[in-house]
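Heads up, the thing below is written out as structure tokens.
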Amino acid sequence: MRRATFSWTPVLNAAFVMYIVAMSAGATYYAYSAAASGKATASTTNTLPNGGPFNTPGNLLIADQFNNRVIEVDPQTNQVVWSFGSGNGSLCNPGPGSIIGPNDAERLADGLTLMAGSGIPPGSPFPPCQDNRVIIVNQQGDIVWQYGQAGVNGSGPGLLDVPVFAIQIPNKDVVIVDQGNNRVIEVNYTTRQVDWSYGPTSGPGELNSPNAVQQLPNGDFLIADQGNNRVIDVNRSGDLVWQYSTGLNTTAFASRLPNNDTLIVDSGHSRIVEISSQGSVVWQYSTGNSSSQWTAATSYPSNAVRLANGETMITDTTNDRIIIINEGGNIVYQYGETGTPGAGSDELNQPYSSYAIGDYTGQTVPPGITTDASTSSTTSSW
């Protein structure tokens, strides 16, 4: 996202607490709040597949934003099994072998990794540095595809301005959330031409700092329209066919679940919320209590995905951690020391997205990857 200036104060600890909230309409939903103290490790209730070497299903792919790197972690050992980027937030070197301030990274077929170089913004703990590239790298760290020019911002052909998210859709094109230009664009994988664009525009469909996108099975695009505090569904004709905004503040991410519910990261309220197709809140989880001793900055989740086993992986950005919670709201796994930024073992610095490799529940499945209900196998059709 194009981030506001946060207060870089240590995260305070609080006890884990579960409560039930009665909605005004009389329905109830379960709400959870947590602020883990220090480090939590995998428990016996964690049903992630066993991790392993590079590209093993169940490994975690993390965009470690202020460490200028993307890492792959074996969740059973917490060992980094693959890394791309410098791991040094002070190093401004956009170009081959580097990524600056990645906000998103996704694993494609054949072990390729798609990532968005969003840059380091003013007001962060490190000097500002532009990247403005979306790249695809192989296991060896070679850039095999690129859109945007390193360190150059713009809106013309081949240029981006703070790209924050990217997916590869079934036709192999790359869809990019170009936040600084308030648009979502589809870039032809072969020609590098923009084949489709939503925004910038005016009126009800106007975007304001969009932050994430998923392609729905019907071809529509689900967009987290962060600055407008809403999630929208637009078709390829540019029509706004659905939106949800009730009670949201700074929507960083959204995905459409298999049951047709929508999982939304309501960052400004430090929560993850699940909305039914009728627009009712059916579940939520809070990563902090900003109404008491917490400030908004100390708990600012930026990404959350529902896993195939029903658990939810949350990128708790300003707490410098990735957590996985079960359906009961218990933390069953954590990577990163709570409120302790770093680049060492089991440390992160403002991570921005995380995914379980091979699990695309509620997400756009890249071309060349096949999945089933119990496992995910990666094949290549390229």
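The values are calculated or read from the model by the stated rules, or taken from the named source; none is laboratory data. Given the structure is predicted, the values throughout are model-derived calculations rather than measurements. All Cβ positions, even for glycine, are placed from backbone atoms using ideal geometry, and neighbour counts span all protein chains on display.
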Subset of the stretch 290-311, residues in contact with a Leu (Cβ under 8 Å, 6 or more places away or on another chain), at pLDDT 95 or above and not in a loop (DSSP other than H, G, I, E, B), comes to Ala304, Val305, Arg306
Kindly check whether there is at least one residue in the stretch 335-347 that is under 14 Å from the mean Cα position of the chain (by Cα) and modelled with pLDDT under 95. no
Residue hits (the stretch 336-359; in contact with a helix residue (DSSP H, G or I) (Cβ under 7 Å, 6 or more places away or on another chain), under 28 Å from Ala109 (Cα atoms) and among the hydroxyl-bearing types (Ser, Thr, Tyr)) are Tyr352
* To do: Kindly check whether there is at least one residue in the stretch 43-52 that is modelled with pLDDT of 95 or more and either of a type in the set (Val, Ile, Thr) or surrounded by 19 or more Cβ atoms within 10 Å (Cβ to Cβ) (or both).
  => no
Subset of the stretch 263-273, residues assigned to a helix (DSSP H, G or I) and farther than 18 Å from Arg306 by Cβ, comes to Gly268, His269
The strands (runs of 3 or more DSSP E) lying wholly within the stretch 200-262 that contain at least 3 residues that are of a type outside the set (Lys, Arg) and closer than 17 Å to Gln284 by Cβ are 251-256
Item to check | Flag if Val194 is among the aliphatic types (A, V, I, L, M) and farther than 17 Å from Gln363 by Cα | outcome: yes
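Test Arg133 against the stated conditions and say whether it is surrounded by 22 or more Cβ atoms within 10 Å (Cβ to Cβ), of a type outside the set (A, V, I, L, M) and in contact with a strand residue (DSSP E or B) (Cβ under 9 Å, 6 or more places away or on another chain).
Here the answer is yes, as Arg133 does meet what is asked.
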Only one of Gly151, Gly158, Gly141, Gly180 is touching a Phe, Trp or Tyr at 6+ places or on another chain (Cβ under 6 Å), over 25 Å from Trp242 (Cβ atoms), in contact (Cβ under 8 Å) with a residue 24 or more places away in the chain and not aromatic (Phe, Trp, Tyr), namely Gly141
Here the residues within the stretch 108-137 that are of a type outside the set (A, V, I, L, M, F, W, C), farther than 17 Å from Gly158 by Cα and touching a residue at least 60 places away in the same chain (Cβ under 8 Å) are Asp110, Gly111, Pro121, Pro122, Gly123, Ser124, Pro125
Of the candidates Arg236, Arg192, the one satisfying the condition of being on the phi < 0 side of the Ramachandran plot and either in contact with a Gly (Cβ under 9 Å, 6 or more places away or on another chain) or surrounded by 15 or more Cβ atoms within 10 Å (Cβ to Cβ) (or both) is Arg236
In the stretch 109-130, residues that are surrounded by fewer than 23 Cβ atoms within 10 Å (Cβ to Cβ), hydrophobic (A, V, I, L, M, F, W, C) and closer than 23 Å to Tyr360 by Cα total 3
So, first residue closer than 30 Å to Ile325 by Cβ and surrounded by fewer than 22 Cβ atoms within 10 Å (Cβ to Cβ) in the stretch 75-103, second residue among the basic types (Lys, Arg) and modelled with pLDDT of 95 or more, Cβ within less than 7 Å, six or more apart or across chains; the pairs are Ser83/Arg69; Gly87/Arg69
Do the conditions hold for Gln65, that is, is it under 22 Å from the mean Cα position of the chain (by Cα), under 22 Å from Gly148 (Cβ atoms), modelled with pLDDT of 50 or more and not β-branched (Val, Ile, Thr)? yes
field: Test: Thr338 is touching a residue at least 12 places away in the same chain (Cβ under 8 Å), hydroxyl-bearing (Ser, Thr, Tyr) and assigned to a loop (DSSP other than H, G, I, E, B)
entry: yes
Here the residues within the stretch 187-199 that are free of Cβ contacts under 8 Å to residues at least 40 places away in the same chain, part of a strand (DSSP E or B) and farther than 16 Å from Asp239 by Cα are Val194, Asp195
So the strands (runs of 3 or more DSSP E) completely within the stretch 95-170 holding 2 or more residues that are among the β-branched types (Val, Ile, Thr), within 30 Å of Gly219 (Cα to Cα) and within 18 Å of the chain's Cα centre (by Cα) are 133-137, 163-168
